[in-house]
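A.B. asks: Structure provided below as structure tokens; questions to follow.
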Amino acid sequence: MADEHRESPEGAAAPTAFALRWEEPPEGPVVVLLDQTRLPAEEVELVCTDVPMLVEAIRSLAVRGAPLLGIAGAYGVALAAVRGFDVDEAAESLAHARPTAVNLGYGVRRAAAAYHAAVRDGADPERAAAAALAEARTLHGEDAEASERMAGHGRALLDELLPAGGYRILTHCNSGALVSGGEGTALAVVKAVHRAGQLRRLWVDETRPLFQGSRLTAYEAARAGMAYTLLTDNAAGSLFAAGEVDAVVIGADRIAADGSVANKVGSYPLAVLARYHHVPFIVVAPTTTVDPDTPDGAAIEVEQRPGHEVTDVILPHAPAAPGAEAALGVPVAPLGTQAFNPAFDVTPPELVTAIVTERGVVAPVTEGGIAELCDRSRSGNGMMAS
């Protein structure tokens, strides 16, 4: 996996850099990623020439976020096909690179299905590979369109729930352009509110242990010119108690059939705080994040991350030592300390005010509402009514 340095955009209003793209240089097609582990210190491109490189980028969180993982998975299948590798082996490796985000497997399956359909129709390897790439590009475009629609639905919902305007929104982890083919999920809603002049303050949870809030959401908020403030995760309760939060708006990595929501660890405590303080708790995610085959929250597999992410603080620009599995970090716990490090937690549907998708809003969040959303998504007809 090659690194290519590029200059960071100048000025706070500069747009966020791309998250992923497909390129075809003379030496062969590649998937190019913005290495999110190096932000905000520097913008570095990772050039993935094969699927193992892409799988490692997914596992290391160089590329992350449910919708973008689906896009990455689809392009990974196309990469294997175009370069003449075993497509089924590549699809299997990609689909299991991270277990919780349902979009990853979805994107892999779509591109692989397009490839195999072309083969069954008599296509040669080149045309079958082109079919996989076309499907990946279609998914990429669909996600960008879904992002725009979610932003509109989310802004309308906030206007309905909080007609006084001037929103003070709390978010957790990162859910913007760095996780999407467009402007994101939850942060796309915040950006729409900001453009409308209705964002009074964006509260950004730091999101321990890997600081996706302080490193990535603040990175995007600064470039969008938002009024934002960073806080430690355990300071959120003080904000609620002081009446400084009007709504919590977060993304999701998987939504079960009953409406349970898996998102970055720390989301569930926010839902509990929001319920106690009578603050709307809103989840924004495309319908591809809804998994009707996962019946409830208990059935969601929660990824367990390495303990060193908790016991060490890893600087975003620190390179990995030769032969090491992770970048060098600063120990903040005694040597040998065991760490509990789930990547996600699960919020039950009764704590979720609404789920915003590109097909509309599900509120209240019930199994029936999720089933109707899935039916409409499969048929492609209409919008889900709130």
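The values are calculated or read from the model by the stated rules, or taken from the named source; none is laboratory data. Since this is a predicted model, take the numbers as computed values, not measurements. No Cβ is skipped: glycine too gets one built from the backbone with ideal geometry, and neighbour counts run over all protein chains shown.
A.B. asks: Out of contact with any strand residue (DSSP E or B) (no Cβ under 8 Å at 6 or more places or on another chain), surrounded by fewer than 16 Cβ atoms within 10 Å (Cβ to Cβ) and part of a helix (DSSP H, G or I), is that true of Asp143?
C.D. replies: no
A.B. asks: Now for a different question. Does Thr229 meet the test of being in a strand (DSSP E or B) and free of Cβ contacts under 8 Å to residues at least 60 places away in the same chain?
C.D. replies: Judged against the criteria, Thr229 is a match.
A.B. asks: Which one of Phe344, Phe340 is at pLDDT 95 or above and closer than 17 Å to Asp253 by Cα?
C.D. replies: Within the list Phe344, Phe340, the selection yields Phe344.
A.B. asks: Check whether at least one residue in region 72-89 is part of a helix (DSSP H, G or I), under 28 Å from Ala123 (Cα atoms) and touching a residue at least 60 places away in the same chain (Cβ under 8 Å), and report yes or no.
C.D. replies: Yes, there is a match, as at least one residue in region 72-89 is part of a helix (DSSP H, G or I), under 28 Å from Ala123 (Cα atoms) and touching a residue at least 60 places away in the same chain (Cβ under 8 Å).
A.B. asks: Next question. I'm trying to understand the selection: among the residues of region 90-101, which are within 19 Å of the chain's Cα centre (by Cα), surrounded by fewer than 24 Cβ atoms within 10 Å (Cβ to Cβ) and assigned to a helix (DSSP H, G or I)?
C.D. replies: Hit for region 90-101 is Ala95, nothing else.
A.B. asks: For Gly323, which of the numbered conditions (1) at negative phi; (2) modelled with pLDDT under 95; (3) not basic (Lys, Arg) fails to hold?
C.D. replies: Going through the list (1) at negative phi; (2) modelled with pLDDT under 95; (3) not basic (Lys, Arg), Gly323 breaks only (1).
A.B. asks: Tell me the residue from Leu157, Leu202, Leu170 that is assigned by TED's automatic domain parsing to the domain that holds Gly251 and assigned to a helix (DSSP H, G or I), please.
C.D. replies: Just a single option satisfies the conditions, and that option is Leu157.
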